[in-house]
Every structure is written in C-alpha cells, then in structure tokens.
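Worksheet for the structure shown next.
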Amino acid sequence: MPLHRLLENSAFEPEHIEIMAAAFRDLCRELELVEGDPLREVIARQVIEFARRGERDPVTLKQRVMQAIKAWPLDRQ
C-alpha cells in the first residue's frame, strides 16, 4: 500500500496513521483505483500532505483531497 510505504519512519501517531489509511482506502474505492494504479501514490501523498497540515477528521481529510484532485488540470492532448 503506497500510504504505509510513504509513512515509514514518519512522526505520525498510530491513531493518525489509521485515520489517514481509512481516508486513503475510501478515496481509492470511490475513485475505483485498483492496486498498482499510479494514481494511488498521488492520492496517498495528498492524504499525507493534508494530515501534515493538521487535518485529523477522516471525513474532512477525504473531502479536502477530493477538492484538491478536482482542481487538477486535465491533460487533453
């Protein structure tokens, strides 16, 4: 799982990691991202970034990540 790999040696408390993991799982499920999809790592990094900024509520964490990815430009080449 990209999230746990990215959190190795992190300063997050176990309960915060569980919140991030739950948000990550829910986001991947909602976005239909299967294991091995490169977007899973992007989502994991976004979850971690918002958690680093202090977000601890799993619902709000998910909402913030969804808002962030909706703002990404689409490559239409």
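Only helices (runs of 4 or more DSSP H) whose full extent lies in the chain are considered here, and the ones with at least 3 residues that are at pLDDT below 85 are 2-6. Looking only at residues of the range 35-64 that are among the hydrophobic types (A, V, I, L, M, F, W, C) and within 13 Å of ALA22 (Cα to Cα), we find that the one that is surrounded by the most Cβ atoms within 10 Å (Cβ to Cβ) is VAL47.
Table: residues versus (1) without any contact (Cβ under 8 Å) to a residue 24 or more places away in the chain; (2) among the β-branched types (Val, Ile, Thr).
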| position | (1), (2) |
| --- | --- |
| PHE24 | yes, no |
| ARG29 | yes, no |
| LEU33 | yes, no |
| PRO58 | no, no |
| VAL65 | no, yes |
| LYS70 | yes, no |
| PRO73 | yes, no |
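One residue stands out in the range 18-34 among those that are loosely packed, with under 12 Cβ neighbours inside 10 Å and of a type outside the set (Val, Ile, Thr): the one that is farthest from GLN63 (Cα to Cα), namely GLU32.
The values are calculated or read from the model by the stated rules, or taken from the named source; none is laboratory data. Only a predicted model underlies this, so the values are computations on that prediction, with no experimental measurement involved. Don't worry about glycine lacking a Cβ; one is built from the backbone with ideal geometry, like all the others, and counts go over all protein chains shown.
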